[in-house]
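Structure, as structure tokens:
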């Protein structure tokens, strides 16, 4: 490739630069790092081009997962078993709060405040709607805290919207972030025109 032997100047310059970079340990290290960074960027761009799959995190334990809307409805997190289906609820103002019919439901449930948690806390559900639920607990739960709830009826990840002292325990109101019903039994909501 040398110009005196019939090669062109550009090819000879590229080969000389490559030789100088590869034979010097410092320059070789810098080159390897930049090449690795370019390969990672190319791999990221390749996965980012998939239109139907998006990368998301579990709302409770933050484990990344691929989001495919078609198969997500009953999917649970592989780490903490929280439902991955995000609820599409809108914020309910206080004056409209009772326009959403609630289903009285006195049943036991367990909840976790962090992951992993060795023993979940025990509570008793008071009532449930599609947007959230109210339960009674022996421990105080902080406002805004994200918790994982499991019961015979549902699995959910919820944000604490209310936590009030009630007798010897606490009344806790939560808004669902993700929700999955364990089994459907009869009518859950009613509509009125």
* **Conditions (1) assigned to a loop (DSSP other than H, G, I, E, B); (2) modelled with pLDDT of 85 or more; (3) closer than 14 Å to residue 179 by Cα; number of the one not met by residue 133** => (1)
* Structure fact -> Residue hits (region 68-123; surrounded by fewer than 15 Cβ atoms within 10 Å (Cβ to Cβ), at pLDDT 60 or above and part of a strand (DSSP E or B)) are 106, 107, 108, 110, 122
* Structure fact -> Residue count, region 57-67, condition over 20 Å from residue 132 (Cβ atoms), modelled with pLDDT of 85 or more and crowded, with 16+ Cβ neighbours inside 10 Å, comes to 1
* **Selected residue (only one of 125, 158 is without any contact (Cβ under 8 Å) to a residue 40 or more places away in the chain and under 16 Å from residue 114 (Cβ atoms))** => 158
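The values are calculated or read from the model by the stated rules, or taken from the named source; none is laboratory data. Just so it is clear, the model here is predicted, and its values are computed rather than measured. So basically every Cβ, Gly included, is an ideal-geometry build from the backbone, and we count neighbours across all protein chains shown.
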